1. Does the range 312-369 hold any residues that are closer than 23 Å to residue 91 by Cα, of a type in the set (Ser, Thr, Tyr) and modelled with pLDDT of 90 or more, and which are they?
2. State whether the residues of the range 255-273 include one that is over 16 Å from residue 182 (Cα atoms), crowded, with 20+ Cβ neighbours inside 10 Å and without any contact (Cβ under 8 Å) to a residue 24 or more places away in the chain.
3. Just to verify a result, which residue in the range 111-152, among those that are assigned to a loop (DSSP other than H, G, I, E, B) and polar (S, T, N, Q), is least open to solvent (accessible area, probe 1.4 Å)?
4. Restricting the range 324-339 to residues that are within 22 Å of the chain's Cα centre (by Cα) and buried (at least 18 other Cβ atoms within 10 Å of the Cβ), which is nearest to residue 290 (Cα to Cα)?
5. Would it be correct to say that residue 178 is within 16 Å of the chain's Cα centre (by Cα) and open to solvent by 30 Å² or more (accessible area, probe 1.4 Å)?
6. Across the range 44-97, which residue is least open to solvent (accessible area, probe 1.4 Å) among those that are part of a loop (DSSP other than H, G, I, E, B) and in contact with a His (Cβ under 9 Å, 6 or more places away or on another chain)?
7. Considering only the range 241-255, I want to know if a residue exists there that is part of a strand (DSSP E or B), over 25 Å from the mean Cα position of the chain (by Cα) and modelled with pLDDT of 95 or more.
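The values are calculated or read from the model by the stated rules, or taken from the named source; none is laboratory data. Since this is a predicted model, take the numbers as computed values, not measurements. Reconstructed Cβ throughout: ideal geometry from the backbone, glycine too, with neighbour counts over all protein chains shown. For the accessible areas, the whole protein counts, side chains as well, though only heavy atoms, and no ligand, DNA or RNA atoms are used. Shrake-Rupley method; radii C 1.70, N 1.55, O 1.52, S 1.80 Å.
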Amino acid sequence: MSVAHTSRPAEGRRFSLLSLFEAMATPHQLDRYLELVTPMVTVRDLRAEVLAVHRSTADTVTLTLRPTRQWRGFRAGQFVQVGVVIDGVRHTRCYSPANAQSSADGTIELTIKAHPDGLVSQYLHEHARPGLILDLSQAAGEFILPPARPRRVLLVSGGSGITPVLSMLRTLVDEKYAGSVTFLHYAYTENDVAYLDELRDLAGANPNVNLVLAYTDQETGGHLHGFFGQKHLDAVAPWYAEAETFLCGPPGLMRGVREVYRELGIEDRLHTEEFAPPATPVGGEAGGELSFTASGVTADNSGATLLEQAEAAGLHPEYGCRMGICFSCTAVKKSGCTKNVRTGDTDTDQDKAIQLCVSVPVGDVALDI
(Lines give C-alpha, C1' and ligand atoms only; values in the text may rest on other atoms or scores of the structure.)
Protein backbone atom coordinates (compact mmCIF):
# COMPACT_ATOMS: atom_id res chain seq x y z
CA MET A 1 0.00 0.00 0.00
CA SER A 2 2.85 2.39 0.81
CA VAL A 3 4.33 2.01 -2.71
CA ALA A 4 1.02 2.81 -4.39
CA HIS A 5 0.49 5.77 -2.06
CA THR A 6 3.87 7.40 -2.72
CA SER A 7 4.00 6.71 -6.50
CA ARG A 8 1.06 8.98 -7.30
CA PRO A 9 2.67 12.19 -5.99
CA ALA A 10 5.91 11.21 -7.78
CA GLU A 11 4.01 10.68 -11.00
CA GLY A 12 2.23 13.99 -10.52
CA ARG A 13 5.54 15.78 -9.99
CA ARG A 14 6.94 14.19 -13.15
CA PHE A 15 4.02 15.43 -15.25
CA SER A 16 4.20 18.86 -13.57
CA LEU A 17 7.87 19.16 -14.53
CA LEU A 18 7.08 18.01 -18.05
CA SER A 19 4.33 20.62 -18.33
CA LEU A 20 6.73 23.27 -17.03
CA PHE A 21 9.44 22.36 -19.56
CA GLU A 22 6.89 22.34 -22.39
CA ALA A 23 5.57 25.74 -21.33
CA MET A 24 9.14 27.09 -21.39
CA ALA A 25 9.60 25.60 -24.90
CA THR A 26 6.60 27.50 -26.33
CA PRO A 27 5.79 28.03 -29.17
CA HIS A 28 7.36 24.67 -30.11
CA GLN A 29 6.88 21.29 -28.48
CA LEU A 30 9.73 20.05 -26.31
CA ASP A 31 10.38 17.24 -28.80
CA ARG A 32 11.25 19.84 -31.47
CA TYR A 33 14.28 20.82 -29.36
CA LEU A 34 15.21 17.29 -28.28
CA GLU A 35 15.34 16.13 -31.90
CA LEU A 36 18.15 18.62 -32.52
CA VAL A 37 20.26 16.57 -30.09
CA THR A 38 19.06 13.07 -30.97
CA PRO A 39 15.80 12.32 -32.84
CA MET A 40 15.20 9.08 -30.94
CA VAL A 41 14.94 10.82 -27.54
CA THR A 42 11.36 12.06 -27.34
CA VAL A 43 8.85 13.00 -24.68
CA ARG A 44 5.64 12.46 -26.62
CA ASP A 45 6.42 11.75 -30.29
CA LEU A 46 6.66 8.15 -31.45
CA ARG A 47 9.49 7.55 -33.88
CA ALA A 48 11.49 4.65 -35.27
CA GLU A 49 15.08 4.16 -36.40
CA VAL A 50 15.87 2.01 -39.43
CA LEU A 51 18.21 -0.73 -38.23
CA ALA A 52 18.46 -2.82 -41.39
CA VAL A 53 17.47 -2.61 -45.06
CA HIS A 54 16.95 -5.58 -47.36
CA ARG A 55 15.74 -5.64 -50.97
CA SER A 56 14.34 -9.13 -51.64
CA THR A 57 12.79 -8.35 -55.03
CA ALA A 58 13.40 -5.70 -57.68
CA ASP A 59 10.61 -3.45 -56.45
CA THR A 60 10.36 -4.13 -52.70
CA VAL A 61 12.37 -3.04 -49.69
CA THR A 62 12.21 -4.55 -46.19
CA LEU A 63 12.95 -2.26 -43.25
CA THR A 64 13.67 -3.38 -39.70
CA LEU A 65 12.67 -0.57 -37.32
CA ARG A 66 13.43 0.10 -33.67
CA PRO A 67 10.62 2.24 -32.20
CA THR A 68 11.00 4.65 -29.31
CA ARG A 69 9.77 3.76 -25.83
CA GLN A 70 6.20 4.95 -26.53
CA TRP A 71 5.55 1.95 -28.81
CA ARG A 72 2.76 -0.30 -27.47
CA GLY A 73 3.17 -3.20 -29.88
CA PHE A 74 0.71 -4.52 -32.46
CA ARG A 75 -1.57 -7.41 -33.30
CA ALA A 76 -0.94 -9.42 -36.45
CA GLY A 77 -2.77 -7.82 -39.37
CA GLN A 78 -2.80 -4.24 -38.05
CA PHE A 79 -1.10 -1.29 -39.75
CA VAL A 80 1.03 1.68 -38.74
CA GLN A 81 1.43 5.12 -40.27
CA VAL A 82 4.99 5.92 -41.32
CA GLY A 83 6.04 9.53 -41.87
CA VAL A 84 9.07 10.68 -43.84
CA VAL A 85 10.26 14.13 -44.89
CA ILE A 86 10.82 14.46 -48.65
CA ASP A 87 12.08 17.78 -50.02
CA GLY A 88 11.08 19.52 -46.81
CA VAL A 89 7.51 18.17 -46.77
CA ARG A 90 6.33 15.44 -44.39
CA HIS A 91 4.41 12.62 -46.07
CA THR A 92 2.59 9.78 -44.30
CA ARG A 93 1.58 6.34 -45.57
CA CYS A 94 0.16 3.17 -44.01
CA TYR A 95 2.05 -0.13 -43.91
CA SER A 96 1.42 -3.43 -42.13
CA PRO A 97 4.15 -5.04 -40.01
CA ALA A 98 5.14 -8.43 -41.41
CA ASN A 99 6.74 -9.92 -38.31
CA ALA A 100 4.95 -11.93 -35.64
CA GLN A 101 3.14 -9.89 -33.02
CA SER A 102 5.21 -11.57 -30.31
CA SER A 103 8.53 -10.24 -31.63
CA ALA A 104 10.90 -10.67 -28.70
CA ASP A 105 13.21 -7.76 -29.53
CA GLY A 106 10.41 -5.23 -30.01
CA THR A 107 11.39 -4.39 -33.59
CA ILE A 108 8.98 -3.84 -36.47
CA GLU A 109 9.46 -5.31 -39.93
CA LEU A 110 7.91 -3.49 -42.89
CA THR A 111 8.10 -4.67 -46.49
CA ILE A 112 7.20 -1.87 -48.90
CA LYS A 113 6.48 -2.24 -52.60
CA ALA A 114 7.74 0.66 -54.69
CA HIS A 115 4.67 1.60 -56.69
CA PRO A 116 5.34 3.55 -59.92
CA ASP A 117 3.42 6.60 -58.67
CA GLY A 118 4.17 6.08 -54.97
CA LEU A 119 6.12 9.06 -53.67
CA VAL A 120 6.88 7.57 -50.24
CA SER A 121 7.39 3.97 -51.37
CA GLN A 122 9.74 5.05 -54.16
CA TYR A 123 11.68 7.26 -51.75
CA LEU A 124 12.10 4.51 -49.15
CA HIS A 125 13.00 1.92 -51.79
CA GLU A 126 15.76 4.15 -53.13
CA HIS A 127 16.99 6.05 -50.09
CA ALA A 128 16.29 4.01 -46.92
CA ARG A 129 19.50 3.32 -45.03
CA PRO A 130 20.32 2.21 -41.47
CA GLY A 131 20.08 5.23 -39.19
CA LEU A 132 17.18 6.89 -41.02
CA ILE A 133 14.60 8.22 -38.52
CA LEU A 134 10.92 7.91 -39.39
CA ASP A 135 7.77 9.17 -37.72
CA LEU A 136 5.56 6.33 -36.52
CA SER A 137 2.02 5.92 -35.22
CA GLN A 138 0.66 3.35 -32.83
CA ALA A 139 -0.78 0.28 -34.54
CA ALA A 140 -4.43 0.38 -35.57
CA GLY A 141 -6.96 -1.62 -37.55
CA GLU A 142 -9.49 -4.40 -37.03
CA PHE A 143 -8.00 -6.86 -39.55
CA ILE A 144 -6.81 -9.26 -36.86
CA LEU A 145 -7.03 -12.89 -35.84
CA PRO A 146 -9.78 -13.59 -33.30
CA PRO A 147 -8.51 -14.26 -29.76
CA ALA A 148 -10.00 -17.76 -29.93
CA ARG A 149 -8.09 -19.09 -32.93
CA PRO A 150 -10.28 -20.80 -35.57
CA ARG A 151 -9.82 -24.51 -36.23
CA ARG A 152 -9.01 -23.77 -39.89
CA VAL A 153 -7.51 -20.61 -41.40
CA LEU A 154 -7.20 -19.58 -45.05
CA LEU A 155 -4.80 -16.69 -45.71
CA VAL A 156 -5.09 -15.13 -49.19
CA SER A 157 -2.82 -12.36 -50.46
CA GLY A 158 -1.54 -10.75 -53.61
CA GLY A 159 1.51 -8.58 -54.26
CA SER A 160 2.37 -6.31 -51.33
CA GLY A 161 -0.77 -7.49 -49.53
CA ILE A 162 1.36 -10.35 -48.28
CA THR A 163 2.61 -8.47 -45.21
CA PRO A 164 -0.41 -8.53 -42.84
CA VAL A 165 -1.26 -12.16 -43.60
CA LEU A 166 2.39 -13.18 -43.30
CA SER A 167 2.33 -11.59 -39.86
CA MET A 168 -0.69 -13.77 -39.06
CA LEU A 169 1.11 -16.89 -40.30
CA ARG A 170 4.26 -16.12 -38.34
CA THR A 171 2.17 -15.43 -35.23
CA LEU A 172 0.28 -18.72 -35.54
CA VAL A 173 3.55 -20.63 -36.02
CA ASP A 174 5.08 -18.89 -32.98
CA GLU A 175 2.04 -19.89 -30.94
CA LYS A 176 2.43 -23.51 -32.13
CA TYR A 177 -1.06 -23.35 -33.57
CA ALA A 178 -2.26 -26.89 -34.29
CA GLY A 179 -5.10 -26.14 -36.73
CA SER A 180 -4.96 -26.20 -40.53
CA VAL A 181 -3.51 -23.18 -42.35
CA THR A 182 -3.45 -22.65 -46.10
CA PHE A 183 -1.41 -19.69 -47.34
CA LEU A 184 -2.49 -18.77 -50.87
CA HIS A 185 -0.45 -16.01 -52.51
CA TYR A 186 -0.86 -14.48 -55.98
CA ALA A 187 2.06 -12.92 -57.90
CA TYR A 188 3.04 -12.32 -61.51
CA THR A 189 5.96 -14.75 -61.38
CA GLU A 190 8.08 -16.55 -58.82
CA ASN A 191 10.57 -13.66 -58.88
CA ASP A 192 7.83 -11.33 -57.57
CA VAL A 193 7.15 -13.27 -54.37
CA ALA A 194 8.55 -11.54 -51.30
CA TYR A 195 9.65 -13.87 -48.47
CA LEU A 196 9.66 -16.86 -50.86
CA ASP A 197 12.41 -18.77 -49.07
CA GLU A 198 10.90 -18.19 -45.64
CA LEU A 199 7.44 -19.22 -46.81
CA ARG A 200 8.86 -22.49 -48.10
CA ASP A 201 10.79 -23.00 -44.86
CA LEU A 202 7.68 -22.36 -42.74
CA ALA A 203 5.64 -24.82 -44.79
CA GLY A 204 8.41 -27.40 -44.71
CA ALA A 205 8.86 -27.16 -40.94
CA ASN A 206 5.14 -27.15 -40.07
CA PRO A 207 3.01 -30.01 -41.45
CA ASN A 208 -0.21 -28.07 -40.74
CA VAL A 209 0.86 -25.20 -43.06
CA ASN A 210 0.04 -25.58 -46.75
CA LEU A 211 1.77 -23.06 -49.06
CA VAL A 212 0.19 -22.47 -52.46
CA LEU A 213 1.66 -19.97 -54.93
CA ALA A 214 -0.47 -18.82 -57.86
CA TYR A 215 1.31 -17.13 -60.77
CA THR A 216 -0.71 -14.98 -63.13
CA ASP A 217 1.97 -14.48 -65.80
CA GLN A 218 3.51 -17.92 -66.19
CA GLU A 219 2.76 -21.63 -66.09
CA THR A 220 4.74 -23.36 -63.37
CA GLY A 221 4.51 -26.99 -62.38
CA GLY A 222 3.22 -27.60 -58.88
CA HIS A 223 1.51 -24.21 -58.58
CA LEU A 224 -1.81 -22.73 -59.58
CA HIS A 225 -1.97 -20.55 -62.67
CA GLY A 226 -4.25 -17.61 -63.38
CA PHE A 227 -6.63 -15.64 -61.23
CA PHE A 228 -8.72 -16.49 -58.18
CA GLY A 229 -11.96 -18.37 -58.68
CA GLN A 230 -13.94 -21.15 -57.02
CA LYS A 231 -11.76 -23.77 -58.74
CA HIS A 232 -8.74 -22.38 -56.91
CA LEU A 233 -10.70 -22.29 -53.66
CA ASP A 234 -11.84 -25.91 -54.04
CA ALA A 235 -8.32 -27.01 -54.89
CA VAL A 236 -6.44 -25.40 -51.99
CA ALA A 237 -9.01 -25.33 -49.16
CA PRO A 238 -12.01 -27.64 -49.73
CA TRP A 239 -12.93 -26.93 -46.10
CA TYR A 240 -13.32 -23.17 -46.78
CA ALA A 241 -16.93 -23.06 -45.54
CA GLU A 242 -15.73 -24.11 -42.07
CA ALA A 243 -12.73 -21.77 -42.03
CA GLU A 244 -12.08 -18.09 -41.41
CA THR A 245 -10.50 -16.41 -44.44
CA PHE A 246 -8.22 -13.37 -44.21
CA LEU A 247 -7.61 -11.47 -47.46
CA CYS A 248 -5.34 -8.59 -48.48
CA GLY A 249 -4.25 -7.68 -51.97
CA PRO A 250 -4.83 -5.56 -55.08
CA PRO A 251 -8.37 -4.49 -56.06
CA GLY A 252 -8.86 -7.22 -58.68
CA LEU A 253 -8.07 -10.01 -56.23
CA MET A 254 -10.17 -8.43 -53.50
CA ARG A 255 -13.13 -8.09 -55.83
CA GLY A 256 -12.80 -11.65 -57.14
CA VAL A 257 -12.67 -13.25 -53.71
CA ARG A 258 -15.58 -11.17 -52.41
CA GLU A 259 -17.74 -12.16 -55.38
CA VAL A 260 -17.07 -15.87 -54.90
CA TYR A 261 -17.75 -15.72 -51.16
CA ARG A 262 -20.91 -13.72 -51.75
CA GLU A 263 -22.17 -16.29 -54.27
CA LEU A 264 -21.40 -19.08 -51.82
CA GLY A 265 -23.25 -17.30 -49.02
CA ILE A 266 -20.24 -17.30 -46.68
CA GLU A 267 -19.18 -13.64 -46.88
CA ASP A 268 -19.42 -13.44 -43.08
CA ARG A 269 -16.35 -15.70 -42.92
CA LEU A 270 -14.26 -13.34 -45.04
CA HIS A 271 -12.11 -10.68 -43.35
CA THR A 272 -10.39 -8.09 -45.52
CA GLU A 273 -7.86 -5.28 -45.54
CA GLU A 274 -6.83 -3.25 -48.56
CA PHE A 275 -4.22 -0.60 -49.19
CA ALA A 276 -5.19 0.64 -52.64
CA PRO A 277 -6.74 4.06 -53.26
CA PRO A 278 -10.41 3.74 -54.24
CA ALA A 279 -11.36 4.60 -57.79
CA THR A 280 -13.19 7.91 -58.00
CA PRO A 281 -16.46 7.64 -59.93
CA VAL A 282 -16.33 9.31 -63.32
CA GLY A 283 -19.25 11.48 -64.49
CA GLY A 284 -22.40 12.52 -62.73
CA GLU A 285 -20.65 13.98 -59.66
CA ALA A 286 -19.21 17.23 -61.07
CA GLY A 287 -21.14 20.49 -60.87
CA GLY A 288 -21.93 22.94 -58.12
CA GLU A 289 -19.56 24.87 -55.90
CA LEU A 290 -17.26 23.96 -53.02
CA SER A 291 -16.95 26.42 -50.14
CA PHE A 292 -14.00 26.09 -47.76
CA THR A 293 -15.50 28.22 -45.02
CA ALA A 294 -12.52 28.55 -42.67
CA SER A 295 -10.30 29.75 -45.52
CA GLY A 296 -12.81 31.85 -47.43
CA VAL A 297 -11.97 29.91 -50.61
CA THR A 298 -14.50 28.71 -53.19
CA ALA A 299 -14.03 26.47 -56.22
CA ASP A 300 -16.08 24.77 -58.90
CA ASN A 301 -16.80 21.11 -58.14
CA SER A 302 -14.68 19.01 -60.53
CA GLY A 303 -15.95 15.64 -59.30
CA ALA A 304 -12.62 14.64 -57.71
CA THR A 305 -12.33 13.76 -54.03
CA LEU A 306 -12.67 16.57 -51.52
CA LEU A 307 -9.02 16.16 -50.55
CA GLU A 308 -7.86 16.52 -54.15
CA GLN A 309 -10.12 19.51 -54.75
CA ALA A 310 -8.97 21.23 -51.56
CA GLU A 311 -5.35 20.78 -52.62
CA ALA A 312 -6.16 22.02 -56.15
CA ALA A 313 -7.64 25.15 -54.54
CA GLY A 314 -4.31 25.84 -52.82
CA LEU A 315 -5.26 24.48 -49.39
CA HIS A 316 -3.22 22.02 -47.37
CA PRO A 317 -5.50 19.84 -45.21
CA GLU A 318 -3.81 17.17 -43.13
CA TYR A 319 -3.84 13.68 -44.64
CA GLY A 320 -2.20 10.32 -44.20
CA CYS A 321 -2.91 7.24 -46.29
CA ARG A 322 -5.22 8.86 -48.89
CA MET A 323 -7.12 5.56 -48.91
CA GLY A 324 -9.80 5.98 -46.25
CA ILE A 325 -7.91 3.91 -43.69
CA CYS A 326 -6.11 6.17 -41.24
CA PHE A 327 -8.78 8.90 -40.67
CA SER A 328 -6.14 11.64 -40.71
CA CYS A 329 -8.00 13.80 -43.26
CA THR A 330 -11.34 14.22 -41.53
CA ALA A 331 -13.08 17.61 -41.70
CA VAL A 332 -16.52 18.86 -40.78
CA LYS A 333 -19.03 19.11 -43.62
CA LYS A 334 -21.14 22.16 -42.84
CA SER A 335 -23.74 21.51 -45.56
CA GLY A 336 -24.37 19.64 -48.79
CA CYS A 337 -24.32 16.05 -50.01
CA THR A 338 -21.25 13.84 -50.36
CA LYS A 339 -20.69 10.34 -51.68
CA ASN A 340 -18.28 7.77 -50.25
CA VAL A 341 -16.32 6.32 -53.17
CA ARG A 342 -15.62 3.10 -51.28
CA THR A 343 -19.18 2.23 -50.32
CA GLY A 344 -21.28 4.34 -52.69
CA ASP A 345 -23.26 5.69 -49.72
CA THR A 346 -24.40 9.32 -49.80
CA ASP A 347 -24.54 11.62 -46.79
CA THR A 348 -26.60 14.80 -46.38
CA ASP A 349 -26.09 15.42 -42.65
CA GLN A 350 -24.90 18.85 -41.61
CA ASP A 351 -22.02 19.53 -39.20
CA LYS A 352 -20.66 16.02 -39.62
CA ALA A 353 -17.02 14.88 -39.79
CA ILE A 354 -16.23 13.10 -43.07
CA GLN A 355 -13.11 11.64 -44.67
CA LEU A 356 -11.89 13.94 -47.42
CA CYS A 357 -9.87 11.33 -49.32
CA VAL A 358 -12.83 9.00 -49.98
CA SER A 359 -15.62 11.54 -50.30
CA VAL A 360 -16.74 13.32 -53.46
CA PRO A 361 -19.19 16.24 -53.46
CA VAL A 362 -22.60 15.90 -55.06
CA GLY A 363 -23.55 19.47 -55.97
CA ASP A 364 -22.82 22.33 -53.56
CA VAL A 365 -20.81 21.42 -50.45
CA ALA A 366 -19.40 23.57 -47.64
CA LEU A 367 -16.44 22.32 -45.57
CA ASP A 368 -14.85 23.74 -42.44
CA ILE A 369 -11.34 23.97 -43.90
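1. Within the range 312-369, 359 is the sole residue that qualifies.
2. Looking for residues that are over 16 Å from residue 182 (Cα atoms), crowded, with 20+ Cβ neighbours inside 10 Å and without any contact (Cβ under 8 Å) to a residue 24 or more places away in the chain, one finds at least one in the range 255-273, hence yes.
3. Restricting attention to the range 111-152, the residues satisfying the condition of being assigned to a loop (DSSP other than H, G, I, E, B) are 114-118, 128-132, 137-139, 141-151.
Of the ones still in play, those that are also polar (S, T, N, Q) are 137-138.
Details: 137: 27, 138: 45 Å².
Out of the qualifying residues, it is 137.
4. Start the filter on the range 324-339 by keeping residues that are within 22 Å of the chain's Cα centre (by Cα), which leaves 324-331.
The next check asks that each one be buried (at least 18 other Cβ atoms within 10 Å of the Cβ); those that pass are 324-326, 328-329, 331.
Numbers: 324: 21, 325: 24, 326: 24, 328: 21, 329: 17, 331: 14 Å.
Here the residue is 331.
5. Considered against the rule, which asks whether it is within 16 Å of the chain's Cα centre (by Cα) and open to solvent by 30 Å² or more (accessible area, probe 1.4 Å), residue 178 comes out as no.
6. Quick first cut of the range 44-97, residues part of a loop (DSSP other than H, G, I, E, B) only: 44-46, 55-59, 68-78, 87-88, 96.
With the extra rule that they be in contact with a His (Cβ under 9 Å, 6 or more places away or on another chain), the set shrinks to 55, 59, 77.
Numbers: 55: 99, 59: 48, 77: 1 Å².
In this case the residue turns out to be 77.
7. Step one: filter the range 241-255 for residues part of a strand (DSSP E or B), giving 244-248.
Adding the requirement that they be over 25 Å from the mean Cα position of the chain (by Cα) leaves none.
So far as the range 241-255 goes, no, none of its residues is part of a strand (DSSP E or B), over 25 Å from the mean Cα position of the chain (by Cα) and modelled with pLDDT of 95 or more.
Conditions tested, residue by residue: (1) modelled with pLDDT under 95; (2) closer than 28 Å to residue 145 by Cβ; (3) β-branched (Val, Ile, Thr).
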site	(1), (2), (3)
85	yes, no, yes
98	no, yes, no
117	yes, no, no
126	yes, no, no
